[in-house]
Amino acid sequence: MKKLTKKYGVYKKSRSFTPWSNLVSMLDRQLSHAFSLNDVCDGLKNHNKLLSTIRGALSSSRNELSYANKIRNGEIIGDLFWSALNNLKFQSPGVGGQNYK
């Protein structure tokens, strides 16, 4: 993740809400089927102690999350996905069955 944040210059634009916290928020949003920023932020605040155990991720306010999603380049998430998939394929060659990116 550090290489990707340097590649896209994400840390230059982050203050207290780190790119890692943003990623964890978006993953939680997908897994919990949250529909709005309120759902995401309220859910993360309810699990703040557990959230901090995920490599120090922090919950955010609606404004922080909205601003972060607005200014950060979304391509970093795609690159992170392909990187994780290729790493998984390296560890378990049978995963996927095709060559990706």
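Read-outs throughout are calculated quantities, based only on the coordinates presented, and are distinct from any laboratory measurement. Small disclaimer: the values here were computed from a predicted structure and weren't measured. Quick reminder, even Gly has a Cβ in these numbers, built from the backbone with ideal geometry, and neighbours come from all protein chains shown.
Compare the peptides 20-27, 52-59, 87-94 by average per-residue count of other Cβ atoms within 10 angstrom and give them in order, highest first.
Values: 20-27: 19.8, 52-59: 15.0, 87-94: 9.9.
Going from most to least packed, we get 20-27, 52-59, 87-94.
Hey, can you list the DSSP H helices of the chain whose Cα span along the axis is 20 Å or longer and whose average Kyte-Doolittle score is at least 0.0? Mind showing how you got there, number by number?
Numbers: long enough: 75-91 (24 Å, 0.25).
Going by DSSP H runs, the hits are 75-91.
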Size of the dipole of the chain about the Cα centre, Lys and Arg at +1 and Asp and Glu at -1 on the beta carbon, nothing else charged, in debye to 20?
480 debye
Taking the alpha-carbon set of the range 14-101, what are its Rg and Dmax in Å?
14.9, 42
What distance in nm lies between label points placed 7 Å from Cα along the C-beta direction at ASN46 and LEU85?
3.2 nm
